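Peer 1: One structure is given below, represented as structure tokens, and several questions about it will come after.
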Amino acid sequence: MFNSYRLKSGLAAFMSLGVTATTIAPILAPAPSFAQTTFTDVQSNYWASQFIQQLSQRGVIAGFPDGSFRPEEAVTRAQFAAMINKAFQKSPQRQGIRFADVPSNYWASSAIQQAYTIGFLSGYPGNRFEPNQAIPRQQVLVSLANGLEYSASGNTESTLQNFSDSASIAGYARGPVAAATEKQIVVNYPNLKFLRPEATATRAQVAAFIYQALVSSNQASAINSPYIVAIGEPTPPPIASVTIPQGTTIPVKYDKAEKILVTKDETAPLTLTVAQNVVTDRGNIVIPAGSQVVGKLKPAKGGSQFVAEKLVLPSGQEYQISATSNVITKIETVKQGSRAASVVKNAALGAAAAAAVSVVTGDRAIATEEVLGGAGIGGLIGLFFGKKSVDLIVVDPGSDLEMTVNQNVQISLK
């Protein structure tokens, strides 16, 4: 779903687990009460947002220094061991072992030893742990079931028949995966019926599995998610409508110009295009990419702000919507002697901005297709007579116009 950028240094791995690097050994991150719980790439309607938020609050898993979480990034066996030790407190069940491929100065050496002694993780033949190997989904579920000492109470094969791809579950994993399924540890997004046992587990998926394991052992409160596999529970009927909650982000784009220029005092009509699907936590697309957001650029706190008024879906359905961008305050000063062609190149202008540029530069031939609809330029020319310069607000459509919903909006899914 996301293309993750991976930092190449070891520091990135430490930070992603709430650990920082020193020249001697890793040290624990700040206490969970100070943990980051919101991330730039995990929106409120992302399917795993609640799992990620809860585990971040507990200090089990953390974000990266740039404020991201990278939910689709793979998890290694060493990283998973570190998460396990932060999530579960358990007495040792067996003696430690020295893995041939885990040096004593390896950043996760102690975490791997701890995860092994408390029964959550084991090694491979040849006394190897493979710490840098990306961990498969079925291996995560086996680890959690074994570590919590769960065994299937019902018929293993009958339980696994709930998954359309059950034949792909490895022999060693069938019993533990069935046990994990009975305990509602399994979370399958976007389709409950597909376990994808051999697929690499992502950071979001591991967060969901670990949190559900905490719920199963009465160490955390249950989260309401439609992707938790519950044996014997009927599939809920499709919903006819859904509410887009306040605080939802709508990514938008404006392909007609590379920048938009308006004066500080003007209101200019503007129609934007939704850049990518906005989905619910159930995976329902509520605002398809390509929908139109109709509104205006308006003066706000020394700058300009896009204020949405109407959402038009590709189907033609229209909804009143209250959503706003951040206030944009970047200024471009146009002075006498400036070339109008340079100012307006690849730009769209509000009518007042066009009049101001026309007067200050002396160019009365600004093309009408460069001007946003609204008041006529001619009627505004007089406002700028005698001015030797004018300050214009510069809007970057690629970064400045993303908006936040200010109040709930109900959308029909019919």
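The values are calculated or read from the model by the stated rules, or taken from the named source; none is laboratory data. Bear in mind that the values here come from a model prediction, so they are computed numbers and not experimental data. Cβ sites come from the backbone with ideal geometry, for glycine too, and all protein chains shown count toward neighbours.
Peer 1: Which pairs have Cβ atoms under 7 Å, sit 6 or more apart or on different chains, and link a residue in the range 87-107 that is under 17 Å from ILE118 (Cβ atoms) and touching a residue at least 24 places away in the same chain (Cβ under 8 Å) to one that is among the β-branched types (Val, Ile, Thr) and assigned to a loop (DSSP other than H, G, I, E, B)?
Peer 2: ALA87/VAL60; LYS90/ILE118; PRO92/ILE118; GLN93/ILE118
Peer 1: Could you tell me which of the residues ILE210, ILE260 is surrounded by 22 or more Cβ atoms within 10 Å (Cβ to Cβ), at pLDDT 90 or above and assigned to a helix (DSSP H, G or I)?
Peer 2: Going through ILE210, ILE260 in turn, the sole match is ILE210.
Peer 1: Right, another one. What residue, of VAL274, VAL262, VAL279, VAL312, is more than 17 Å from SER325 (Cα to Cα) and in contact (Cβ under 8 Å) with a residue 24 or more places away in the chain?
Peer 2: That would be VAL279, the only listed residue that is more than 17 Å from SER325 (Cα to Cα) and in contact (Cβ under 8 Å) with a residue 24 or more places away in the chain.
Peer 1: So MET1 passes all but one of these: (1) under 17 Å from VAL206 (Cβ atoms); (2) among the hydrophobic types (A, V, I, L, M, F, W, C); (3) in a helix (DSSP H, G or I); (4) at pLDDT below 80. Which condition number does it fail?
Peer 2: Only one criterion in (1) under 17 Å from VAL206 (Cβ atoms); (2) among the hydrophobic types (A, V, I, L, M, F, W, C); (3) in a helix (DSSP H, G or I); (4) at pLDDT below 80 is unmet by MET1, namely (3).
Peer 1: Got a sec? Which of LEU192, LEU141 is of a type outside the set (Val, Ile, Thr) and either in a helix (DSSP H, G or I) or buried (at least 21 other Cβ atoms within 10 Å of the Cβ) (or both)?
Peer 2: LEU141
Peer 1: Taking the conditions exactly as written (assigned by TED's automatic domain parsing to the domain that holds ILE52, surrounded by fewer than 22 Cβ atoms within 10 Å (Cβ to Cβ), farther than 30 Å from ALA230 by Cα and more than 29 Å from the chain's Cα centre (by Cα)), does GLN114 satisfy them or not?
Peer 2: It is true that GLN114 is assigned by TED's automatic domain parsing to the domain that holds ILE52, surrounded by fewer than 22 Cβ atoms within 10 Å (Cβ to Cβ), farther than 30 Å from ALA230 by Cα and more than 29 Å from the chain's Cα centre (by Cα).
Peer 1: Which of the residues spanning the range 47-70 are in contact with a strand residue (DSSP E or B) (Cβ under 6 Å, 6 or more places away or on another chain), under 25 Å from LEU192 (Cα atoms) and assigned to a loop (DSSP other than H, G, I, E, B)?
Peer 2: PHE69
Peer 1: Tell me yes or no: at least one residue of the range 189-204 is outside the structural domain of THR159 (by TED's automatic domain parsing) and under 18 Å from the mean Cα position of the chain (by Cα).
Peer 2: no
Peer 1: Can you tell me which residue is nearest to TRP107 (Cα to Cα) among those in the range 57-82 that are of a type in the set (S, T, N, Q) and buried (at least 18 other Cβ atoms within 10 Å of the Cβ)?
Peer 2: In this case the residue turns out to be GLN79.
Rundown of residues vs (1) at pLDDT below 95; (2) buried (at least 18 other Cβ atoms within 10 Å of the Cβ), yes/no style:
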residue: LYS86; (1), (2): yes, yes
residue: ILE97; (1), (2): yes, no
residue: ALA134; (1), (2): no, no
residue: ASN146; (1), (2): no, yes
